[in-house]
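> Handing you this structure, nothing more for now.
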Amino acid sequence: MYKVFIRPIFFLFDPERIHYFTFSLVKFLSKVPLMSSLFRGMYQVNDKRLERTLFGLTFKNPVGLAAGFDKNAVLYNELADFGFGFIEIGTVTPKGQVGNPKKRLFRLKDDKGIINRMGFNNEGLEAAIEQLKKNKGKLIIGGNIGKNTLTKPENYTEDYVTCFKGLHPYVDYFVLNVSCPNVSSHAKLEDADYLKELITEVQKLNNQEEEQKPILLKIAPDLNNQQLDEIIELVAATKIDGVIASNTSVNREGLKASEERLQEIGNGGLSGQPVKERSTRVIKYLADNSKKAFPIIGVGGIHSEKDALEKLKAGADLVQIYTGFIYEGPSLVKRINKAILAEN
């Protein structure tokens, strides 16, 4: 029903506007008596065989919602009814910021992709905390954290530390988002020496807490093998809990969209089907060359059960969807979980 009736209507409108309309719609429907129960009946697959235990957390199934969808943690309780095993909120920055000028979100319909240059638009740390205080405990929540756009390079670490301290009581795991192509001084955030410094500082704070929270690093799909080797060495040296592979891409090779259309859109991070092979390659390289030394969450171009299984077979322990959720609809989560059970 979604692909036949709902998606064609949604795709008539600006992607960012329809995103917020969808939030309002889901919020409204979830308040209607019995609708939450209906959603759970339609989309959830509850089976102990789907459970996965990683870095001390037990996920009720391995299919999550990637960061960027529920930036401000306003819809995670309602989205839990759609069958996810975990939801990652954010990217959260210390101060609220409007992000880049609009228009900044673009569909590539023929490619089943999206280009965004949102620029970490979010309402800030305090707003996220207030929303997370409403957590009904339905599933695991990850906190994806980043820096403010106007933060000077010497203060990058301070931004991550501020978010880590603030969110620590309210999320189950953390993700250091250092690979988004839509933030300033992107090069420094992918410098191996700086990453080691950042991870060490955040881990030092984590070790001072009564309860330590897992910390993961989110990396780009465009890294070459030498850079991926550096990531493997970095994980070994810092003992960070895992890696999310991968973020959006700046690569535009092989797209069906015309050169004119791409020039009209301009810069931004590409997600969806066009990054599927790149992210799977990164997952497989990390898993094979580290001898599966650390957990990997696979994300990028998952639009079907087959896509998800490919990520898992390449070495991912869990998977996340985002663009596939928009193109394929909420039934995708259930279909993936059923396919995983069929493989057992």
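> Rank VAL32, VAL333, VAL175 by mean-square fluctuation in a GNM of the chain with C-alpha springs under 10 angstrom and give only the top-ranked residue.
Highest fluctuation among the options: VAL32.
> Please figure out what share of the DSSP beta bridges in the range 2-343 is antiparallel and state it in percent, rounded to the nearest 5.
35 percent
> Another question about this same structure. Here is the link list: LYS102/LYS313; LYS284/LYS338; LYS103/LYS165; LYS3/LYS276. Which ones come out longer than 28 Å on Cα distance?
LYS102/LYS313; LYS103/LYS165
> Then there's this: At a Förster radius of 25 Å, what calculated FRET efficiency corresponds to the Cβ-Cβ distance of LYS134 and ASP288, to the nearest 0.05?
About 0.05, to the nearest 0.05.
> How big is the dipole moment of the range 2-343 about its Cα centre under a simple scheme where the beta carbon of each Lys and Arg is +1, that of each Asp and Glu is -1, and everything else is neutral? Debye, nearest 20, please.
So the magnitude is around 1180 debye.
> Related question: As an exercise, use a Förster radius of 45 Å and the Cβ-Cβ distance of ASN224 and LYS95 to find the FRET efficiency, rounded to the nearest 0.05.
That pair, ASN224 with LYS95, gives E of 0.85.
> Run lengths n ≥ 4 of DSSP H only: what is the helix-derived mean residue ellipticity at 222 nm for the chain, with -39500 (n - 2.57) per run over all residues, to the nearest 500?
Roughly -12000 deg cm²/dmol at 222 nm, from the helical runs in the chain.
> Net charge near HIS168: determine it from the other residues with C-beta under 9 Å of the C-beta of HIS168, scoring Lys and Arg +1 and Asp and Glu -1.
0
> How high is the FRET efficiency from LEU262 to ARG7, r the C-beta distance, R0 25 Å, rounded to 0.05?
Computed FRET efficiency for LEU262 and ARG7: 0.65.
> Given the Cα-Cα distance of LEU150 and LYS102 and 0.36 nm per residue of separation, how much length would full extension add, in nm?
Extra length available between LEU150 and LYS102 comes to 15.5 nm.
> Taking only Cα atoms and a 10 Å spring cutoff, compute GNM fluctuations for the chain and point out the largest among GLN203, GLN97, GLN263.
GLN263
> Listing SER179, SER279 from the residue with the fewest other Cβ atoms within 10 Å to the one with the most, what is the order?
SER179, SER279
> Treat the count of other C-beta atoms within 10 Å as a stand-in for reagent exposure and order LYS71, LYS133 from fewest to most.
In increasing order of surrounding Cβ atoms, one gets LYS133, LYS71.
> I want the local charge near GLY268. Using Cβ-Cβ distances under 11 Å, sum +1 for each Lys or Arg and -1 for each Asp or Glu among the other residues.
+4
> Please report the net charge: other residues with Cβ closer than 14 Å to the Cβ of ILE141, K and R +1, D and E -1.
+3
> Right, another one. If the elastic network links every pair of Cα atoms under 10 Å, which of GLY254, GLY143, GLY324 fluctuates the most in the Gaussian network model of the chain?
Answer for the Gaussian network model of the chain: GLY254.
> In whole Å, largest first, what are the principal axis extents of the Cα atoms in the chain?
Computed over the Cα atoms, the extents are 50, 49, 40 Å.
Laboratory data are not the source of any read-out in this text; all were calculated from the coordinates shown. Because the structure is predicted, anything quoted here is derived from the model rather than measured. Cβ coordinates were reconstructed from backbone atoms using ideal geometry, including for glycine residues, and neighbour counts include every protein chain displayed.
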